[in-house]
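Each value in this text was obtained by applying a stated rule to the coordinates, not by laboratory testing. What you see is a predicted model; the values in this text were computed from it and never measured. Don't worry about glycine lacking a Cβ; one is built from the backbone with ideal geometry, like all the others, and counts go over all protein chains shown.
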């Protein structure tokens, strides 16, 4: 396979403006010290930009857990759902190593191996550490990550540091035991099952102690929090302050996933998850305190591939056994692919830094027209499968990346807000009878957006999107996302679609 | 007297390393307790270890065949709510 096909070099001549080049930066990690940025530069979960280019995988070697969370059902075996804690098969450390090496050979964009469950990795220390030990030796170019509830963290911090693991995620939903008692029904601690406020108090103490110990040792810590409306929503602002003060470098506020069919306490008791707006509002409120992560896909404990995809089915134990892999050649190929990706990222970055020429000035008459001082923001949805470019057909998009563009004079600030999953409405087969319903669902997913950017789109969905008040646009296929979003924002502004200019006065028609 | 693991076990491994008598083994279709080796943790711990970490209600029975963790005791989900939800989901 040609390297270009993996991470398409871009040569867009669009005169758009991305935030990195003008306006405030969208690189939420820009304020971090150089040594931290170097560590997260190619980590798809820790760097929003990296997630367009690099892949990760989780190996499910850790089935045991030492606590119960109200959003988790320990009957975790399911192949059709995508959410944390769900896996298809639990692996032994040996199987996990074989799978990791196979995936790293087949998906050379892979940079990161994480252990995240389906239980708690640190409640399975032997299985987890055996996996890390073997991979440190056999795939030294792969970064190792672990995600934990934190209960067993203090006692294992030193071992974590010995095993070359420099990224740890702790799920911290509260720093107040009274709130914790509404989230955690029990913990297993010092050979006893402990319930209620006391259990939450012990868990919180261990989480905070473990966080401090990791930060003291220079390990990068991301904190995950599950936003549970009415339980810890307001409280998460306090959590954000506390964990930042301890030294966590990134806070990932994730929406509660709760449906009755999941069999969880929250799902069965009618606890709802947050709306997109509630999630974004809380992320904004916490963002003042520390870097926020918005591109998280809340993936399965055995996910494989780019963040928006799951290629786990290609790497079952049976299929791995049939693969013939040259590990040395695979590592060499990864190095080449990563170099090509970096060259492409550098090129995209340089393009953004070029002097900004407003697209409107290229297309409009020379008669100067004062731009509004601060044009209203618009949300623009993008279909992308990676590479940082618009490259997915509308009907094939499994998710949309939601960007917000806002203009200040001729400058446009583009920032990433969220990834929203959709049900595929076009399977290309005989399932088209349900297409109407699924398309309506997709349109609901895009609520609040003004335009949708994709590589191509069919006539029927085009009409339906327009009828729903959305502007479809397939004009920017293979262009860098931020440039295209900025360009479309200018078009929308000029066409009066953002409510500041008279449409009749706008010479730029929205091209089909 | 000995504890017993039944078919609702999810094979999560949590109990296996905790047993002071090494009475628990991975098996198919689910983990098993060797009744000859199990002491119910008598003399070793205040609470039976396997039943204290097991996340699945009803998966471990005591010597009298009674669930050590009865429905609702671990998840907090009232059994009648669980039954109602299962009925609703099956009726779809």
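Note on B:11-20: average number of Cβ atoms from other chains within 10 Å of each residue's Cβ is 5. Peptide A:183-192 has a mean of 4 when you count, residue by residue, the C-beta atoms of other protein chains within 10 Å of its C-beta. Packing, as the average of other Cβ atoms within 10 Å across residues, places the peptides B:16-22, A:390-396, A:64-70, A:115-121 in the order A:115-121, A:64-70, A:390-396, B:16-22, highest first. Between the helical axis of B:79-90 and the longest alpha-carbon principal axis of chain B there is an angle of about 60 degrees. Between residue B:90 and residue A:347, the distance separating the two model label sites (each 7 Å from Cα on the Cα→Cβ line) works out to 6.0 nm.
As a test, work out the antiparallel percent of DSSP beta bridges whose residues both lie in segment A:35-328, rounded to the nearest 5.
Percentage antiparallel, nearest 5: 25.
When both segment A:440-455 and segment B:52-89 are represented by their alpha-carbon centers, they are found 43 Å apart. Across segment A:35-328, C-alpha contacts under 8 Å between residues 6 or more apart give a mean separation that, scaled by the residue count, equals a relative contact order of 23 percent.
Mean per-residue shielding of peptide B:72-82 is 5, counting Cβ atoms of other chains within 10 Å of each Cβ.
Give the calculated FRET efficiency between residue B:11 and residue A:216 to the nearest 0.05, with a Förster radius of 25 Å applied to their Cβ-Cβ distance. Please list the in-between numbers first.
Working: r = 37 Å, r/R0 = 1.49.
The value I calculate is 0.10.
Modelled this way, with points 7 Å down the Cα-to-C-beta line, the labels at residue A:136 and residue A:176 are 4.1 nm from one another. Each label point was placed 7 Å from the Cα along the Cα-to-Cβ direction; for residue A:197 and residue B:47 their separation is 1.9 nm. Residues within the reach of a label modelled at residue B:64 (point 7 angstrom out along Cα to beta-carbon, backbone nitrogen below 12 Å), restricted to segment B:1-34: there are none.
Of the two radii for segment A:35-328, the radius of gyration is 0.94 times the Kirkwood radius, both from the alpha carbons; that is the Rg over Rh value. Scaled to the globular estimate 2.2 N^0.38 Å, the Cα spread of segment A:144-294, given as radius of gyration, is 1.04. Starting from a Cα-only point model with no solvent, please compute log10 I(q)/I(0) by Debye for segment A:257-298 at q = 0.13, 0.17, 0.20 1/Å. Listed by q, the Debye log ratios stand at -0.39, -0.60, -0.73. For segment A:141-196, the fraction of alpha-carbon pairs lying more than 19 Å apart is 41 percent, rounded to a whole number.
Over chain B, Cα pairs under 8 Å with separation of 6+ residues give a relative contact order of 28 percent.
Note on residue A:75 and residue A:272: with the Förster distance fixed at 30 Å, the Cβ-Cβ geometry gives a FRET efficiency of about 0.85.
Normalised Debye scattering of chain B at q = 0.12, 0.16, 0.22 Å⁻¹ gives log10 I(q)/I(0) of -0.40, -0.65, -1.06, counting only Cα atoms as equal scatterers and leaving out solvent.
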